[in-house]
Every structure is written in C-alpha cells, then in structure tokens.
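First comes the structure, then the notes that go with it.
The values are calculated or read from the model by the stated rules, or taken from the named source; none is laboratory data. Source: prediction; values computed, not measured. Because the Cβ atoms are built from the backbone with ideal geometry, glycine has one as well, and the counts that use them run over all protein chains shown. Just so you know, the surface numbers come from the protein's heavy atoms only, side chains and all, with ligands and any DNA or RNA stripped out. Shrake-Rupley method; radii C 1.70, N 1.55, O 1.52, S 1.80 Å.
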Amino acid sequence: MSRLAKFDVVSIEDLETADIERVFALADDFAAQLERGEQITTAAGLIMATLFYEPSTRTRLSFESSMHRLGGAVISSADMQASSAAKGESLADTVRVVAGYADLIVLRHPRDGSARVAAEYAPCPVLNAGDGSREHPTQTLCDLYILRKKKGHLKGLTVALCGDLKFGRTVHSLIYALARFGANIVAVPTSGMDVPDYVLERLAAERNYSFSTVTMDELKSLAGGLDALYLTPSAPHQMALFTGDESLRKIPVGEPPVALDAFYVTRLQKERMSGKEASAADYVRFDARALRTSRTNEAVVMHPLPRTNELAYELDADPRAVYFEQAAAGVPVRMALIAWLMEKAAAASAVARPVVEPIRFKAEPPPRCANLNCITRFEGSYLAPRFTLGRSADTTVLALKCGYCERELKTEYVGHARSHRYYRFDENLQGYVQQWIEEGSLAVFDSVKQAEEGGYEPYKRGPQREVMNEDEVVRAVESLADQVIADVPDMSAVSIVGVVSRGAMLALRLRDLIGSKTKVFPPCAALDVYKPDNALHPIDGAETFSVEERAIVLVDDVINSGWTVQRAMATIWQRGRPAAVKLAVLIDRGHRAVPIRPNYVGKNIPTSRTERVQVRLAMTGTDPKAKSHDRVMIYSIVEPMKAPEAAH
Ligand code: NCD
C-alpha cells in the first residue's frame, strides 16, 4: 500500500474542518520538535516532486524544506521552461511521468484549473501551490494557523481583506476558509479588483455566506464605528456562520464587531492583468497609521508576500506585523500536511465524495470555457470541456460552470436535440433544461447563427411578417456596395470575407456589384466561425486568400448578439495583420450583447430581443429567376409563457 493517500488538495474546500484541525495540531507538534532541534524521520523514504511553472520563493522552498525536515527527499526541475514543457509536453503527461519518480507532486501553474487537471491525471497526490488566479490552499493553511495563534480563535474575528482581491488567489482560498470558521470578512478591494463573482456565488451557495465590500476611504472612516458595516443593505453582512438546517432568515445577525482583528493585504498581481485593471499608482499603501485608531490597535497585519509597495517597511518592527511569521509557518504547516496525508493512507479507506456529473452536450462543437486563462484553453486537445449547471443570478442566460476553473459561461440559446428546436433562454425554460440534461438532449449555442447552422429551427415561429421584399433586398445590397465604394479609397486593396452561410452569399453578390461598378473585383472568402481547421477559404475560385495588409470588408446578413461577428474578427486577426477590418451587414436590428458597430448597413430594422430576423437570399443577384428568393422575414422566436412542451 502506498504510504500516501491519493488525496489531492486543489481547493481549501477539499479539506474537512476536522482535517484542518488535525493539520494544525500536527503543525504545533512539528514546530515544537523543530524548536528543540529534534531529528524527524516521519517521511523517510518518501520523495516529493515540486513542479513550478511560475516563480516562487516561499512556497517552493518551504515545501522543499518541510519534506527535508520530515526526513524525506525532494526532486525538482529548477525551471519548468527547461523541462519538457518547453517541448510542448502536456501537463497530463508531465504529472504521470513524474508520479513514477515521486510519491507526491506539488504544483504551481499560471493557468486557472491546472491543479485540477494534474490531480486527475497523476496517480499520486497533488497539492495545489497556486493555480492561476484561482486558489492557493496551502498558503491559507499558513494564514489561518498564524491568525489563530495570534488571536486564540477564528470564530467571530473581523478580517479586512485589502488590495487585489480579483487575481489574488491566496485571498480566494482564505475567504472560503474564513467563512467556514465563522469569521467576519470586510472586503476592501482596490478599485476594479473586487472578489470575482464565481467566488461570491460559491460562498453563497455552499456556505450561505456573504460579506460587505467597502472602499479604503470608507474603511478608514468606519474604523471609528464598525457597526455601520451591518447597515449595508445590498450586501447583508454574514447572515449565517455555518451552513445547517436553519434557514437563512432565522439566523440572527451577530453583534457588530467592536474592532478589526486583522488586515490581510495583497500585492497587485500585475502578471495576471490585461492592462485594463487598476494601476499601481492608486493601490493601497499601509503604514503605521493604519494601526493607530482605537478600533485597529489590536489588529494584526498579514500578507502572503512578496510585498511590493503596499506595506511600508516601518511596519516590520511592529509586533502586530506578522507576515514573516506567516512565511515561516510554511515549514511546520506543510510538514503537517504531508504527515496528515500519511495518516490518511494508514486510516481506513476514505469516503468518496459525491461528484456532480458533468452535462453531456448534444451539439458540435461543445461549449468552450469563456475564461481566457482557463487550462482548457491551453491544453484543450485532451481535456474534454466539462460543465455543470452554474448559479448565476441572471435569469436571462443559462449559466454553465467550468469543471476546471469554476468560471461561469453564460449562454443565451439552448436547444433540444431530439426536436431540433432552439430557444432563447429564459427562466421559464429552467425546468425543461434540467430535464433535457437528464435525458442527455441539451444543446447550447452562443448565437442564433450557430444554432441554425447546426440544423436547429427556432421554436414557435409565431406569425411571420415579411419586412423586405425582393426589390427592397436588392436595393439594400446595392446600397451596401455603394457605401463600400464611397468609403474605400483604393478598391484594389479590398478583400471581402463573408460569414457562412448567408454572409458568404452576400459577399459574392457584393463583390459582383462592386466589380460591375468599379471594374475591380475584390478577392472573396467564406469564413466559418465554427470550423477552426478550415475557418477561412476562398470562394471565388482562387487558390489562396490572404488577409495580410488588406482592407477587409467582413459581411454578414444580420447582426444578432454580435458574438459571431466578434469571433469572425478574431479569426481574421489570427490569420494575419489586415490593414483594416470593416463590417457590412444587410440588416442591423439595433441591439446586441457586445459593443460592435457595423460600418455599412443595408437597412435598419429595429426589433425586440425576442424577435428573429431571417434573411433568405438567392445565390447571385444576376439571375433574374433566383432573385425572387430574396426576402427578409421577422417573427418571435419563443413565447416564454407557453414553454416548450411541443418540443417533445
Ligand atoms: C502568493 C502567490 O504566489 O500566490 N505568494 C505566496 O505563495 N506566498 C502571493 C503573491 O504572489 O502575491
């Protein structure tokens, strides 16, 4: 039998409260033994591998030190850029190989959800030493250990979390743990760096817990009267300390805090920012003044380190500054965690946790996580997308939670695979969607176009109205051609890209019209946003099509949500560097989910969100018989109150 249980710590929530208590008790023992200079051999013969794909000082060295202190051994790759990862080895392969050399893997990785992937593929236990901006559970063990040591208990403490609460992974794990131990949280984010929704939603759903968010200025004024924290109506203060049978309403609100017990400060996680977020200039800065008020003079100052400018060095000499103790706790606490894994292996077999089965989707391609830093975006080839139902409060979208990074994907269109109908999602569909999930017939689409290209028909067309006849369609296409000709100084620099399928038909018609008016026939390509391998191909008989340095006119029939056009733009930019991309649409219905504005519009037809504009087109405008196919129709797509029983 292996000396370590196959037990992974990906989230702090993987540990039961009793487990954390046991780790702390072991940490006390180890700290005392280290203090006495005793030789410890608990883990003699065991090997730990540290795989760090991101810089680290404390976490890596304290893990390695803790294994040495336990009498075990450590193997490591000094720089993962110098490992096979640089040759393109997948994370799944790396951890399987390394598990052959070690009994335990400690992983730090820049991508959200990477630790989950490693845990699933490695046959040995995996400890998450920080995965992207998601979690850092072993740092939280150190944080809690020191906080409890300083304060004697955790329940009822009031902890102000300050700084970058968006990307600070140590904060996310700490929030879950503070909620569990019944501490009060006050979030004090730097502007724009709030605790992410997925953390808040998990906290509310699993721990029935919420907390107040205040600005630094408010906190400064509140420090004189913290009671005010209880008066924030939009974010009722911690309503329930523990989940239990009692309903939320019945749990009495506790006494207002008399004072703050701790500040937990984090650095701005610059390496995870896209540039739009907060700037370092208005970041929090803590100095000795923060601890001078009557409500803060008992407060300890914590920081996971490294610090940048947010903590003044003058604080270091203050006994309430405990950040170096937090860092030092890394050794006994991580020794304790390893020893606890050994105890767990020796104990009777672990109780399997209930797992929520991921949804089986019926549409190709399956949905893709929207988080650009999700591990599935980087190791997509072997990781099947995995989603469960999300918890978003927005009832106009179906929220799907990524099984790797926990972020929610919000989809607007759902389909039923047996009836081949699609619907705009609406809360009345919730019950049906649940049923379709159970029978394995749910399809999701991020646009009407995707649904229709997949052969799905809108549910309940309702009365159809013709809003443009053939002559009007022909005039609108002409108007588009004229707008392009008037706008573009050099037609020989133009290439036309049409979005499959009606956008591509329109592209050809535009090309012919432009050609007959200017004697320049721009090259033409079709773009299929849902076929990544063959996304852009010539449709005018040419062999190749290049976007490089060209003025691209991107053509589509109707702009609905805008997602398709956005994807199409992204695909064009992936293919090269066009001189410009302009958008031409036959119909603009006036509203969309993404801020995209067409440059050339054939006709504006304002519609409501539940209406659907459908364009029917003849192949070319030159064939007089085919012209009679040209039509623009409008109809409602879902009648929400008469939900889809007819779909079955
Ligand atoms: C933190 C980390 O890497 O997430 N440091 C740590 O592990 N002690 C915090 C940080 O980098 O800001």
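Along the charge dipole of the chain, which of Thr59, Tyr432, Gln39 sits closest to the positive end, that is, farthest toward it, with unit charges on the beta carbon of Lys, Arg, Asp and Glu (+1, +1, -1, -1)? So the residue we want is Tyr432. Each Lys and Arg Cβ is given +1 and each Asp and Glu Cβ -1; about its Cα centre, segment 460-533 then shows a dipole of about 260 debye. Residues whose amide H falls under 5 Å from that of Ala526, counting only those 5 or more places apart or on a different chain, are Gly498, His537, Ile539, with hydrogens built in the peptide plane. Per residue, the chain reaches -9000 deg cm²/dmol at 222 nm when only DSSP H runs of four or more residues are counted, each adding -39500 (n - 2.57).
What is the local net charge at Ser516, summed over the other residues whose Cβ is closer than 14 Å to its Cβ (Lys, Arg +1; Asp, Glu -1)? Walk me through the intermediate numbers first.
Details: positive: Arg509, Arg511, Lys517, Lys519; negative: Glu478, Asp482, Asp512.
Charge balance in the 14 Å sphere: +1.
Computed about the Cα centre, the dipole magnitude for segment 516-579 is approximately 200 debye when only Lys and Arg (+1) and Asp and Glu (-1) carry charge, each at its Cβ. Tell me which of Tyr101, Phe7, Ala580 sits at the most positive position along the dipole axis of the chain, charges placed on C-beta atoms (Lys, Arg +1; Asp, Glu -1). Checking the options against the dipole of the chain, the answer is Ala580.
Would you mind working out the magnitude of the charge dipole of the chain relative to its Cα centre, with +1 at each Lys and Arg C-beta and -1 at each Asp and Glu C-beta, to the nearest 20 Debye?
Values: 78 positive and 82 negative charges, 88 e Å.
Its charge dipole is roughly 420 debye.
Each residue of segment 18-27 was assigned a 3J(HN,Hα) from its phi angle through the Karplus expression (A = 6.51, B = -1.76, C = 1.60, θ = phi - 60°), giving 5, 5, 5, 4, 5, 4, 5, 5, 5, 4 Hz with x at Gly and Pro. In this view, the solvent-accessible surface of Trp573, computed with a 1.4 Å probe and all protein chains in place, comes to about 120 Å². The antiparallel fraction among DSSP beta bridges confined to the chain stands at about 35%. Within a straight-line Cα-Cα reach of under 13 Å, Lys150 can be paired with the following aspartates and glutamates, leaving aside sequence neighbours fewer than 8 residues apart in one chain: Asp261, Glu298, Glu325.
Centre-to-centre separation between the Cα atoms of segment 550-568 and those of segment 306-344: 52 Å.
Each Cα pair under 8 Å and six or more residues apart adds its sequence gap; the mean of these over the residue count of the chain is a relative contact order of 10 percent.
Quick one: net charge of Glu298's neighbours, Cβ under 13 Å, K/R +1, D/E -1?
Values: positive: Lys150, Lys151, Arg292, Arg295, Arg320; negative: Asp261, Asp318.
Summing Lys/Arg as +1 and Asp/Glu as -1 gives +3.
Could you state the orientation-averaged shadow area of the convex hull built on the Cα atoms of the chain, in nm² to one decimal? Walk me through the intermediate numbers first.
Numbers: hull surface 135.4 nm².
For the chain, averaging the hull's shadow over all directions gives 33.8 nm².
Averaged over its residues, segment 396-528 has an accessible area of 37 Å² per residue, based on protein heavy atoms and a 1.4 Å probe. Take the Cα coordinates of segment 1-133, assign each an equal point scatterer, and use the Debye formula without solvent to give log10 I(q)/I(0) at q = 0.16, 0.18 Å⁻¹. Relative scattering, expressed as log10 I(q)/I(0), comes to -0.85, -1.06.
The distance linking segment 67-113 with segment 26-60 is 17 Å (Cα centroid to Cα centroid, whole angstrom). Between amide H atoms placed 1.01 Å from N, distances below 5 Å from Ile559 occur with Ile587, Arg589, all of them 5 or more places distant or on a separate chain.
Surface composition of the chain: carbon plus sulfur atoms contribute 51% of the solvent-accessible area (1.4 Å probe, protein chains only, all chains present).
A dipole drawn for the chain from +1 and -1 charges on Cβ atoms has a positive end, and of Ala486, Ala327, Leu141 the residue lying farthest that way is Ala486. Entry note, segment 67-205: relative contact order of 16 percent, from Cα contacts under 8 Å with a spacing of 6+ residues. Beta bridges per DSSP, both residues in segment 1-127: antiparallel share near 0 percent.
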